[in-house]
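This report refers to the structure that appears directly beneath it.
The values are calculated or read from the model by the stated rules, or taken from the named source; none is laboratory data. Predicted, not measured: the structure shown is a model, and the values here were computed from it. Because the Cβ atoms are built from the backbone with ideal geometry, glycine has one as well, and the counts that use them run over all protein chains shown.
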Amino acid sequence: MGTLLEQLGLQRLDAPTPGKDELADIDPSQLCPNDPIALGLPDREALNAKAAALNATRAPLVAAPVALGPEAGIQSQVSSWAAAWSARDYAAYSGFYAPTFTPDGGLTREDWAQLRRGRISARGDINVDIQDLKVRMDGNDRAFAEFRQVYQSKGYNDTTQKTLEMIKVSGKWLINRETSVPCSGNTVGGCKGLVK
């Protein structure tokens, strides 16, 4: 019994290269003849009728329900918080703060509540506009809402970059902490620290 190469009619690579006289003469034009290919014109009416029949039997496309993640719920909460503030509804406004809310500036929760109640109730028309709101999740029960806040009232206007630390309390997103950085006027570039 011989080797596989012999059975297949092959030689080892280290065998001498065959000479030109050992190679077969082949006319390359015969390997791939240049025969013309006959193309028929498509019957457009038949193709359109077939496509129409397929479209008629296909079920109509139904938009898939959009799954809203926690980010959408947090964005909604922030918008509702700003709306309650703009409406000067202190009870609704204060309801957006977690029981564990810690005010900045060393104020107690009670001092902060008294200060906020006085500022919201005593003002005339208030408009709080939220711009460029971005939500960054930190686990399943904590997130940061970062945005530019434009506050306007009869006696005071300002624009700040605000960050709300939101936590989930009994299934509801509430403000646990808030920080503000004043914007440097209405210059190009806007607020310092604006999240991109």
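Just to verify a result, which residue in the range 98-128, among those that are among the charged types (D, E, K, R) and assigned to a loop (DSSP other than H, G, I, E, B), is modelled with the lowest pLDDT? Per the criteria, the residue is Arg123.
For the range 153-182, the tally of residues that are over 18 Å from Asn140 (Cβ atoms), surrounded by 18 or more Cβ atoms within 10 Å (Cβ to Cβ) and of a type in the set (A, V, I, L, M) stands at 0. Within the range 33-48, no residue that is exposed (fewer than 10 other Cβ atoms within 10 Å of the Cβ) sits with its Cβ atom under 7 Å from a residue that is at pLDDT 75 or above and part of a helix (DSSP H, G or I) at 6+ positions apart or across chains. The number of residues in the range 76-97 being of a type in the set (Phe, Trp, Tyr) and part of a helix (DSSP H, G or I) comes to 4.
Going through the range 110-133 one residue at a time, which ones are among the charged types (D, E, K, R), over 22 Å from Pro99 (Cβ atoms) and more than 28 Å from the chain's Cα centre (by Cα)?
First, the residues of the range 110-133 that are among the charged types (D, E, K, R): 110-111, 116-117, 119, 123, 125, 129, 132.
Now narrow it down to the ones that are over 22 Å from Pro99 (Cβ atoms): 123, 125, 129, 132.
Result: Arg123, Asp125.
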